[in-house]
Amino acid sequence: MLITMVKSISEFSTYVTFNSHENKAKYVIPSNYLIHFRKPSRTTLLSSNFDVPRCSIIVNATTLLTDTVNNNVNTKIGKFCEVGNLRNAMELLKKSKKSELDLNTYCSILQLCAENKCSKEGKMVHSIISSNGVPIEGVLGAKLVFMYVSCGDLREGRKIFDQILNDKVFLWNLMMSEYAKIGDYSQSIYLFKKMQRLGIEGNSYTFSCILKCFAASGKAGQCKRIHGYIYKLGLGSYNTVVNSLISAYFKCGGVDSAHQLFDELSDRDVVSWNSMISGCVMNGVSHTGLEFFIQMLVLRVGVDLATLVNALVACANIGSLSLGRALHAQGVKACFSREVMFNNTLLDMYSKCGNLEGAIQVFEKMGQTTVVSWTSTIAAYVREGQYDDAIRLFYEMESQGIIRPDIYTLTSVLHACACSNSLDKGRDVHNYIRKNNLTTVLPVSNALIDMYAKCGSMEEAHSVFSQVQVKDIVSWNTMIGGYSRNSLPNEALKLFAEMQQGLRPDGITMACVLPACGSVAALERGREIHGHALRNDYSSDLHVANALVDMYAKCGSLVQAQALFDMIPRKDLISWTVMIGGYGMHGFGNEAISTFEKMRTAGIEPDEISFTSILYACSHSGLLNEGWELFNSMKSQSNFEPKLEHYACMVDLLARTGNLSKAYSFIKTMPIKPDATVWGALLCGCRIHRDVELAEKVAEHVFELEPENTGYYVLLANIYAEAEKWEEVKKLREKIGKRGLRKSPGSSWIEVKGKFSVFVAGDTSHPQAKMINSLLKEFRMKMKTEGYSPKMRYALINADDMVKEVVLCGHSEKLAMAFGILNLPPWRTIRVTKNLRVCGDCHEMAKFMSKTTEREIILRDSNRFHHFKDGLCSCNGFW
């Protein structure tokens, strides 16, 4: 009788599943054991002739027992893995011998490590596999790659990936996808190209992934090449692939190609429509994006969260509040009101559409908030100019400690501090940044520099700037612009030169540094920067063009400013205002009014700054009637309530034209309380027309409002000195001394061959001092012979006429003009700048110099420009 014992271990299959798209890998390992035992017949039982030798029976029985034990170990580990008990599975794995473990066990435990992100245990399994001499290939290699990638160790996963030979597309997709997630698109693209070289055909997921990588890298040409390859493989009918193509074309600016693909797509899903809406929004055609959204509704395509979010962004971009509200209602009906992304986008939409109240309501009703929610609300307050509320909300966010501010939050609140001139609160935010070690984050550092600069603390701005290890163009531009705005032009020009040693300036740099040139009348330097702008095609930038017009006007080259202004194809309000201001400071009031009217004819309405510029122009040209007409038109035609600066211009206009009593009455009847600038304008008029009695009354108001402003004390002292009231001058000087106030010394400078020479009154330290004084004495003698007499009252000292004349000869503007005559070619215009108002005697001397030398002299003082030519001045006595 034959006894047949059959032990069969059924075939098992190991499946490795990755987070890929429509892909599963199947690795099958057969494991069949079949052992036969024959029972011999009784007659042959004692015989030596057996069908199966006895030793063979013993060996096969032992093998069966060993396999049974092994199966028990593998089964136990498998059971632990099934219930997620990694600890016990690992303990049993470590105790087991190499011969007891099979491939499926290693794969099961690696899968569990991957699912639980247990890299430590995963590495231990890898070590056991290596020590047991198990080949890392096929399914085991794939499982190891998957474990490392899932645990965040992409580098180790890549090492194994490169070592194993595989043609499984899902594994290539996994690696490309992971590199794309961390923004390393070049590695994803490299793997894709390698995959192509090996002849491994991609699937729909492969192309969806790689198209995103090409789009993110801005490789439009590659997108077109892949487009053709997709159709060659027959994947052009896959919605996922076509949708990715549409999205890629939009990101690369291929709007027409994206539209064509969408039109050719017969079976459009919600992702197709969403791709079109988001793509249009991304490329600045939000109106078109909303048209696609409306088509969706007409065709009854079911919208999802992404649809509404994209449509809300489009509404925000075009400021369509009514449609945004309708989308809000639709989102509530669709139960999206609990979705954080929907609420954040909704909040942003209300903010950008100017509905701050709506934005706040959305924020307050949000059950769950994120850092985006808080930041968007802070930005909403900033956008509406409610800076204190923005700062308050930041403090509230910080005090709660639940959600930490990010770099966008910090830059938003620093912008609020900058706009509200809240230096102390800005310092508080800076302290928070230090405590949280965010000072090395470049956007935050740039925002800090901007905040300190706009709050007038350039020392602190420079401190932050100097600590930035790797500065970008924004860092330099912010610092240069800060110096320009804070009346530190020399520092701005110095920093601009330093910047050029390692970084190429852009258009914004030009717009930031040009005002510094205008501030110190650095015409030659301004021309150099203009040349740089032309060579790099920055002059077509409207901001740069406006800055150039302003620079030339402030440097005294009004003809060049006018020529550049005429070349601007599409002028904005700033262009017109700069030109009006340029005419005004040069004393061409009628031209300023003509330009103002042309601006209105062009359809551009003036703002408050434009009115300040035109009223200033009227004041410095003595255009009283025109000034009144423009002042009254502010309210009647432009619906502007005049502000203090407009009242100051009118007082100045009245005072300069000799209407001192009217100016005083005008101030008394002002609907708003006059400030020191308004009273100061009248005080200047009192000096021009030598009205000491009114000056004393006006000075009382000025000193009450600004008791620490040295300039007003000096102005009154000069009024007394010109009237030869020396006792009053003495008292005022004593008062200035007791208060610890200091008078700004008068200084003048001139640019010759790109270098500035600065002069102060009575300066004898200059290398050419003797030649300058000799030339001035010569001019003085000629003036006397032609009947000109020195204006002794401008000497402002109590001394005899001879001493006064010596003092007058040493005024800084005279020294600078004489230096220019000595050092500039005869055909060159002499351009001098003074930090204070030019005195009457220097004004007469400049007229005489221009006539005698037959040269044009342009003198810019603290009030305006004086163009001296042929013994005449453009100011006509109004300065």
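The values are calculated or read from the model by the stated rules, or taken from the named source; none is laboratory data. Given the structure is predicted, the values throughout are model-derived calculations rather than measurements. Neighbour counts run over all protein chains shown; Cβ positions are idealised from the backbone, glycine included.
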Assess whether GLY840 counts as being out of contact with any strand residue (DSSP E or B) (no Cβ under 8 Å at 6 or more places or on another chain), within 19 Å of PHE588 (Cα to Cα) and not basic (Lys, Arg). no
Where VAL332 falls short, out of the listed (1) in a helix (DSSP H, G or I); (2) within 29 Å of VAL441 (Cβ to Cβ); (3) of a type outside the set (Phe, Trp, Tyr): (2)
I need the helices (runs of 4 or more DSSP H) fully contained in the stretch 147-263, keeping only those with at least 1 residues that are closer than 27 Å to TRP273 by Cα and charged (D, E, K, R). 169-181, 204-216, 220-232, 239-251
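Evaluate the following for ALA533: is it at pLDDT below 95, closer than 25 Å to LEU859 by Cα and buried (at least 21 other Cβ atoms within 10 Å of the Cβ)? Don't jump to the end; show me each part of the working.
Working: at pLDDT below 95: yes; closer than 25 Å to LEU859 by Cα: no; buried (at least 21 other Cβ atoms within 10 Å of the Cβ): yes.
Here the answer is no, as ALA533 does not meet what is asked.
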Any residue at all in the stretch 215-223 that's out of contact with any Phe, Trp or Tyr (no Cβ under 7 Å at 6 or more places or on another chain), more than 21 Å from LYS159 (Cα to Cα) and without any contact (Cβ under 8 Å) to a residue 12 or more places away in the chain? yes
Only one of GLU498, GLU605 is part of a helix (DSSP H, G or I), more than 27 Å from HIS867 (Cα to Cα) and outside the structural domain of VAL832 (by TED's automatic domain parsing), namely GLU498
Among the listed residues LEU438, LEU414, which satisfies the condition of being farther than 17 Å from TRP476 by Cα, at pLDDT below 95, within 18 Å of the chain's Cα centre (by Cα) and not aromatic (Phe, Trp, Tyr)? LEU438
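Per-residue answers, yes or no, for (1) among the β-branched types (Val, Ile, Thr); (2) more than 48 Å from the chain's Cα centre (by Cα):
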| residue | (1), (2) |
| --- | --- |
| GLU727 | no, yes |
| LYS731 | no, yes |
| LYS735 | no, yes |
| PRO745 | no, no |
| ILE750 | yes, no |
| LYS753 | no, no |
| THR764 | yes, yes |
| ALA769 | no, yes |
| SER774 | no, yes |
Expected output for the stretch 297-321 (first residue under 23 Å from GLY358 (Cα atoms), partner of a type in the set (Asp, Glu), Cβ below 9 Å, 6+ apart or cross-chain) is LEU305/GLU339; VAL309/GLU339; LEU312/ASP348; VAL313/ASP348; ALA316/ASP348
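In the stretch 546-584, how many are crowded, with 20+ Cβ neighbours inside 10 Å and among the polar types (S, T, N, Q)?
Pass one, the stretch 546-584, residues crowded, with 20+ Cβ neighbours inside 10 Å: 546-558, 561, 564-565, 571, 575-584.
Okay, now just the ones that are also among the polar types (S, T, N, Q), so 546, 557, 575, 577.
Here the count works out to 4.
Yes or no: VAL559 of a type in the set (Val, Ile, Thr), modelled with pLDDT under 95 and not in a loop (DSSP other than H, G, I, E, B)? I'd like the intermediate steps shown before the answer.
Values: of a type in the set (Val, Ile, Thr): yes; modelled with pLDDT under 95: yes; not in a loop (DSSP other than H, G, I, E, B): yes.
Yes, satisfied.
Restricting to the stretch 321-335, name every residue that is surrounded by fewer than 20 Cβ atoms within 10 Å (Cβ to Cβ) and of a type outside the set (Lys, Arg). Walk me through it before giving the result.
Taking the stretch 321-335 and keeping what is surrounded by fewer than 20 Cβ atoms within 10 Å (Cβ to Cβ), we get 321-323, 325-326, 329-330, 332-335.
Selection gives LEU321, SER322, LEU323, ALA326, ALA329, GLN330, VAL332, ALA334, CYS335.
Can you pull out every residue in the stretch 380-404 that is under 24 Å from ASN355 (Cα atoms) and either among the aliphatic types (A, V, I, L, M) or in a loop (DSSP other than H, G, I, E, B) (or both)? Show your work before the answer.
Here is the first cut: in the stretch 380-404, the ones under 24 Å from ASN355 (Cα atoms) are 380-397.
ALA380, VAL382, GLU384, GLY385, GLN386, ALA390, ILE391, LEU393, MET397, listed by residue number.
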In the stretch 774-879, which strands (runs of 3 or more DSSP E) lie fully inside it and hold 1 or more residues that are modelled with pLDDT of 80 or more and more than 18 Å from TRP749 (Cα to Cα)? 865-869
Residue count, the stretch 585-615, condition crowded, with 18+ Cβ neighbours inside 10 Å, under 22 Å from LEU644 (Cβ atoms) and under 34 Å from the mean Cα position of the chain (by Cα), comes to 8
How many of the residues making up the stretch 425-461 are under 21 Å from LYS494 (Cα atoms) and surrounded by fewer than 19 Cβ atoms within 10 Å (Cβ to Cβ)? 3
Can you go through ILE719, ILE667, ILE750, ILE688 and tell me which one is touching a Pro at 6+ places or on another chain (Cβ under 8 Å) and modelled with pLDDT of 85 or more? ILE667
Given (1) in contact with a Cys (Cβ under 7 Å, 6 or more places away or on another chain); (2) in a helix (DSSP H, G or I); (3) in contact (Cβ under 8 Å) with a residue 40 or more places away in the chain, number of the condition ILE529 does not satisfy: (3)
Quick check, is LEU548 part of a helix (DSSP H, G or I) and modelled with pLDDT of 95 or more? yes
Can you tell me how many residues in the stretch 623-645 are closer than 14 Å to PHE596 by Cβ and assigned to a helix (DSSP H, G or I)? 7
Within the stretch 654-684, residues under 26 Å from CYS839 (Cβ atoms) and basic (Lys, Arg) come out as ARG656
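Have a look at SER373, SER351 and point out the one that is within 22 Å of ALA311 (Cα to Cα), buried (at least 21 other Cβ atoms within 10 Å of the Cβ) and small (Gly, Ala, Ser). Lay out the reasoning, then the answer.
On the way: SER373 fails: buried (at least 21 other Cβ atoms within 10 Å of the Cβ).
Criteria check complete, one pass: SER351.
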